[in-house]
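Following: one structure in structure tokens, then a few remarks.
The values are calculated or read from the model by the stated rules, or taken from the named source; none is laboratory data. Since we're looking at a predicted model, the values are computed, not measured. When we count neighbours, we look across all protein chains shown, and the Cβ atoms used for this are built from the backbone with ideal geometry, even at glycine. These area figures cover heavy atoms from the full protein model, side chains too; ligands, DNA and RNA do not enter into them. Shrake-Rupley method; radii C 1.70, N 1.55, O 1.52, S 1.80 Å.
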Amino acid sequence: MLSEDLEQWLQGLPLGEPFDIGGESVYLQVGDGGAELGVILVREPTDAQITESMRCGFQCALEFEAGLAIPDDGDALVLNRWLPDAETWADAADALENILNQAGLWRAAMKPSNGRQAEDSSRAEQRLRTALNGGAA
């Protein structure tokens, strides 16, 4: 059960348009039978960003509940998931926390390499890299 303060905050969030939560651009697009919850990872992605993300995306989709997509207008690379029967942000509260955590892992994995050693990598980056490599470290 959500706290009263959290529920009030969630009720004030816009539906159907991206807005910022903790530096992430998120949206909830309500449709027939549920809603699409998404995080915009990259606006106007390059072909190289799309290609690299898609290489990792399938394995990630097996490990997590959200997957990568490119909207019909092609102007972004998003991490999204379908929430059956969701109609409000309150319905999406748990999924929102999960997708924001997953977006953090994606950001770590998408960061350009700067030559640091594996032991210097953040724990989140290491977990995602392990998941993307099918469990191999």
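Considering each residue of the range 1-19, count those that are exposed (fewer than 11 other Cβ atoms within 10 Å of the Cβ) and touching a strand residue (DSSP E or B) at 6+ places or on another chain (Cβ under 8 Å), and give that number.
1
Yes or no: the range 106-114 includes at least one residue that is surrounded by 18 or more Cβ atoms within 10 Å (Cβ to Cβ), within 11 Å of the chain's Cα centre (by Cα), not in a strand (DSSP E or B) and not charged (D, E, K, R).
Looking for residues that are surrounded by 18 or more Cβ atoms within 10 Å (Cβ to Cβ), within 11 Å of the chain's Cα centre (by Cα), not in a strand (DSSP E or B) and not charged (D, E, K, R), one finds at least one in the range 106-114, hence yes.
Output the residues belonging to the range 29-83 that are in contact (Cβ under 8 Å) with a residue 40 or more places away in the chain, out of contact with any Leu (no Cβ under 7 Å at 6 or more places or on another chain) and either open to solvent by less than 40 Å² (accessible area, probe 1.4 Å) or over 21 Å from E97 (Cα atoms) (or both).
G33, E52
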